[in-house]
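Have a look at the structure below, then the notes.
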Amino acid sequence: MGQLASEQMAKGNGQSLNGQSSAKLKSYAPATGELLGEAPNMGPDEVRAVVERARRAQEAWGALSIEERGERMLRFRDALVDRADEVIDLLSRECGKPRHEALLHELMVVADVITFFAKVAPQALAPREISLHLLKHRRSFLHYSPRGVVGVISPWNYPLQLPLRDVVLALVAGNAAVLKPSEVTPLIALKAKEIWDAAGLPEDVFQVVTGYGPTGAALIDAGIQLCVFTGGVATGKRVAAACGERLIPCVMELGGKAPLIALDDADIERTAQAIVFGGFTNAGQVCISVERVYAHQKVHDRVLDRAVEITRSLRQGDPASDFVDVGAIIFPHQIDVAERHIKDAIEKGAQLKVGGKRREGTGQFFEPTILSGCNHDMTVMTQEIFGPVIPFMEVASEEEALRLANDSHLGLNAYVFTADRDRGHRLAERVQAGSVLVNDVITNGGTPDAPFGGIKQSGFGRVLGEDSLRDMCDVRHISTDRVRMTGKDPLWYPYSETSYGWFKKGLRALFSGGGIVQRIRDIL
Ligand code: NDP
């Protein structure tokens with residue numbers, strides 16, 4: 001194991017080599033092994049000081065009008081777009097991802113998220129009048145107030161898009177945000193912060209704390225009011241428990257095992273292309289990757305053959321030096337995970353159709369891999385892979401595909417392919433997942449209009465969609481009298497036998513099942 005791999009393998013302990021916290025994080029290019037830079041490993045006192053500064057800065061930021069905050073966020077967007085080449089280059093080098101993906105799936109999504117939320121926030125966060133169905137003499141309003149400081153903890157696979165998505169939501173809603181990026185990809189978060197500062201935006205409103213797992217744990221303990229966590233299920237459970245201890249609300253965006261169901265009438269070419277793109281974009285390190293295919297026996301062989309053919313034509317390599325299709329594996333542990341799943345599947349009878357090996361030599365690469373003849377006895381069909389491996393399973397019916405798709409502890413995304421979109425819609429309603437796309441893959445990860453998140457162990461809470469903006473706020477209910485009230489309310493003291501009798505009649509009049517005549521009789 002090279003220095004790059006061994007240092008990154010330390011992830012999970014929250015510590016560097018030999019279990020010791022190192023003074024600095026080192027970020028290496030996964031495609032070349034080049035040392036790209038360093039970042040501080042921040043301890044609890046530093047993190048607490050950062051959160052304290054954020055809290056003070058939030059007061060002025062939260063006092064701005066929503067429009068003023070939107071205008072400042074658009075300034076941030078413009079600064080990011082102006083420095084697109086620099087951002088894309090760093091993303092491509094720090095994550096080993098193709099430049100198309102750095103552009104389209106990271107920077108473009110962030111620019112769109114900022115644009116969308118700056119536009120909808122004034123209406124989404126405006127006070128709303130609600131009608132109280134019983135207390136008609138009162139007027140009620142919902143107000144959305146910033147919570148304070150939002151802690152954002154993010155993984156390494158989309159180190160610009162995922163954290164900035166949550167940071168943008170927090171800031172537009174009037175909070176300050178403190179971001180803890182993955183130890184594997186700290187530089188792109190620091191670049192975003194540098195661009196924020198250079199745009200003349202209030203420095204302490206958006207800050208970054210770098211470090212290992214304990215730095216994330218310190219952030220939860222530093223007095224934040226909301227934690228938005230994106231990462232694996234195991235870490236998510238620890239983070240949710242830590243938030244529970246402190247009674248901090250949290251949003252959990254955890255792992256996925258997205259099934260793709262190809263029905264008997266699916267278009268062969270579109271389905272095969274979608275499987276290959278959906279399984280291998282970002283080298284499969286996507287929480288909404290196509291992680292298992294259930295293809296009806298009528299189309300199975302043709303979809304499989306075509307997917308294998310397309311996969312053979314993919315170009316893999318260092319994205320910083322060429323326009324490749326598939327880049328490197330960011331976190332080397334994922335190569336071992338992929339190998340383990342493939343070995344288990346082949347031992348249990350699966351066939352390796354293409355790929356299956358790590359690439360020797362410089363960089364962390366794993367060949368795009370397709371397996372056929374898989375079933376649910378194999379870990380490749382039941383556990384998250386988070387790498388470029390697509391297992392196929394043939395099914396005899398739509399019902400069998402649905403049963404197998406739902407046979408998972410995870411439920412983030414799912415995909416259905418069919419020539420009949422109404423049939424696809426009906427099936428989608430029965431698939432257990434936070435989002436189901438019919439005849440498409442992946443796109444919902446970057447669609448700001450629609451809520452994104454999982455069910456089952458894929459987490460809870462949603463990011464994106466207008467509701468998620470309101471979730472960044474404390475909801476306050478303010479109720480005023482509709483007509484001028486004087487004296488005492490009939491519901492107040494003193495309690496008497498007479499008033500009790502009236503209220504009892506009221507109970508029947510309001511809530512008994514009889515018709516209007518019966519209800520009037522109850523009062524009399
Ligand atoms: P991890 O769960 O290992 O880490 C996520 C973040 O949590 C990292 O910044 C990590 O820091 C930090 N962390 C680790 N321990 C703690 C702790 N005790 N307290 C607070 N923070 C902590 O996930 P990965 O980075 O390995 O990302 C891969 C996972 O993320 C996959 O399971 C994937 O499915 C999921 N994911 C989910 C998405 C979604 O939207 N649902 C989107 C993308 C990925 P450090 O890196 O320094 O250890």
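Summary of values
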read-out: Residue match in the stretch 110-125 (condition: under 23 Å from P448 (Cβ atoms) and in contact with a strand residue (DSSP E or B) (Cβ under 7 Å, 6 or more places away or on another chain)); value: yes
read-out: Which listed residue, of L263, L219, L247, L201, is assigned by TED's automatic domain parsing to the domain that holds P98 and in contact with a strand residue (DSSP E or B) (Cβ under 7 Å, 6 or more places away or on another chain); value: L219
read-out: Hits in the stretch 454-470 (condition: crowded, with 22+ Cβ neighbours inside 10 Å and within 21 Å of D407 (Cβ to Cβ)); value: G454, S458, G459
read-out: Hits in the stretch 196-216 (condition: within 16 Å of the ligand (Cβ to nearest atom) and farther than 16 Å from V149 by Cβ); value: T210, G211, Y212, G213, P214
read-out: Test: residue in the stretch 248-259 that is crowded, with 24+ Cβ neighbours inside 10 Å, of a type in the set (A, V, I, L, M, F, W, C) and away from the ligand (no atom under 16 Å from the Cβ); value: no
read-out: Positions within the stretch 225-243 being in a helix (DSSP H, G or I), in contact with a Phe, Trp or Tyr (Cβ under 9 Å, 6 or more places away or on another chain) and near the ligand (Cβ under 6 Å from one of its atoms), in sequence order; value: T235, V239
read-out: Hey, D264 part of a loop (DSSP other than H, G, I, E, B), modelled with pLDDT of 95 or more and either over 22 Å from V463 (Cβ atoms) or within 10 Å of the ligand (Cβ to nearest atom) (or both) or not; value: yes
read-out: Filtered residues of the stretch 189-216 (kept if more than 18 Å from E253 (Cβ to Cβ) and aliphatic (A, V, I, L, M)); value: L190, A192, I195, A198, A199, L201, V205, V208, V209
read-out: Residue among V436, V337 that is assigned to a strand (DSSP E or B) and either on the phi > 0 side of the Ramachandran plot or in contact with a Phe, Trp or Tyr (Cβ under 8 Å, 6 or more places away or on another chain) (or both); value: V436
read-out: Search result, residues across the stretch 423-433 that are assigned to a loop (DSSP other than H, G, I, E, B) and free of Cβ contacts under 8 Å to residues at least 24 places away in the same chain; value: E429
read-out: Complete set of residues in the stretch 374-417 that are farther than 23 Å from G236 by Cα, among the β-branched types (V, I, T) and surrounded by fewer than 24 Cβ atoms within 10 Å (Cβ to Cβ); value: V395
read-out: Candidate set: the stretch 423-453, residues that are more than 16 Å from the ligand (Cβ to nearest atom) and closer than 21 Å to M108 by Cβ; chosen: the one surrounded by the fewest Cβ atoms within 10 Å (Cβ to Cβ); value: D449
read-out: Residues within the stretch 177-195 that are part of a helix (DSSP H, G or I) and within 16 Å of the ligand (Cβ to nearest atom), tallied; value: 7
read-out: The one condition in (1) touching a residue at least 60 places away in the same chain (Cβ under 8 Å); (2) crowded, with 24+ Cβ neighbours inside 10 Å; (3) assigned to a helix (DSSP H, G or I) that A272 fails to fulfil; value: (1)
read-out: Failed item in (1) within 25 Å of the chain's Cα centre (by Cα); (2) surrounded by fewer than 13 Cβ atoms within 10 Å (Cβ to Cβ); (3) closer than 28 Å to G223 by Cα, with Q123 passing the rest; value: (3)
read-out: One residue from E67, E59, E94, E86 being closer than 18 Å to V205 by Cα, in contact (Cβ under 8 Å) with a residue 40 or more places away in the chain and in the same structural domain as D166 (by TED's automatic domain parsing); value: E67
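The values are calculated or read from the model by the stated rules, or taken from the named source; none is laboratory data. Just so we're clear, the structure is a prediction, and the values are computed from it rather than from any experiment. Neighbour counts are summed over all protein chains in view; Cβ atoms, including those assigned to glycine, are modelled from backbone coordinates with ideal geometry.
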